[in-house]
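Okay, structure first, notes after.
Every number in this text was worked out from the coordinates using simple rules, so none of it is lab data. Computed from a prediction, not measured in an experiment: that's the story for all the values here. Ideal geometry is used to build each Cβ from the backbone, glycine not excepted, and the neighbour counts take in all protein chains shown.
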Amino acid sequence: MAETAFQTINISAPMERVYAIALDVEQYPDWAKDVKEATVRSRDAEGRPLEVEFRASALGRSTHYTLAYDYSQAPKVLGWKMLRGDIMRSIDGAYTFAECADGTVEVRYDLAIELVVPLPGFVKRRAEQRILNTVRELKVRSES
């Protein structure tokens, strides 16, 4: 069974900037602490990443996974599903972007992960917090 988590944060930057940073997956290693490599394997007709291979830090080791991106609700939602992974059975996630009246952008980061091997609760919670840090790192990058 997949473990789910979400984080919501407000970012003081234009929506176009926040979305562009989230979409520029090749730059994730520059600002997302646990992402070590991101390689775009294919793009759509608009040049957006469709299939991306990642190498990331996870649970004290390096993990590899490939995500397929979904633009059916763009630019309000940037979603993804795992195609392949070494320690995960599945990864489903999305950034949801909403412009607020005060000029900020509310970003909700949803994630569902199913690991190949079950983990104790305290390890899962620690891993969840590291993963959810990505949205805080997106805020720092967008506001800089």
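Using the crude model of +1 on Lys and Arg Cβ and -1 on Asp and Glu Cβ, and no other charge, please compute the dipole size for the stretch 3-143 relative to its Cα centre, in debye to 20.
Using Cβ point charges on Lys, Arg, Asp and Glu, the stretch 3-143 gives about 520 debye.
Only helical DSSP H runs with n ≥ 4 go in: add -39500 (n - 2.57) per run for the chain, normalise by residue count and round the 222 nm mean residue ellipticity to 500 deg cm²/dmol.
-8000 deg cm²/dmol
Please go through the stretch 15-72 and write out the trypsin sites (Lys or Arg not before Pro) that DSSP classes as loop and that have at most 16 other C-beta atoms within 10 Å.
Within the stretch 15-72, the qualifying trypsin sites (Lys or Arg not before Pro) (loop, at most 16 other Cβ atoms within 10 Å) are Lys33.
Relative to the present Cα-Cα distance, how much length would full extension add between Ile87 and Asn133 at 0.36 nm per residue of separation?
Gain on extension, Ile87 to Asn133, equals 14.6 nm.
By how many degrees, 0 to 90 and rounded to 10, does the Cα axis of helix 121-143 deviate from the longest principal axis of the chain?
Tilt of helix 121-143: around 20 degrees.
Positive end of the dipole of the stretch 3-143, charges at C-beta (+1 Lys, Arg; -1 Asp, Glu), about the Cα centre: which of Thr39, Ala56, Gln7 has its Cα farthest in that direction?
Ala56
Kindly state, to the nearest 0.05, the FRET efficiency for Arg43 paired with Val140, given R0 = 35 Å and r defined as their beta-carbon distance.
0.85
What is the Cα convex hull volume of the chain when expressed per residue in Å³?
Dividing the Cα hull volume of the chain by its residues yields 106 Å³.
Which ordering of Leu132, Leu67, Leu23 is given by a fewest-first count of other beta-carbon atoms within 10 Å?
Leu132, Leu23, Leu67
At 7 Å along Cα-to-Cβ for each site, give me the label-to-label distance between Thr4 and Ala20 in nm.
3.4
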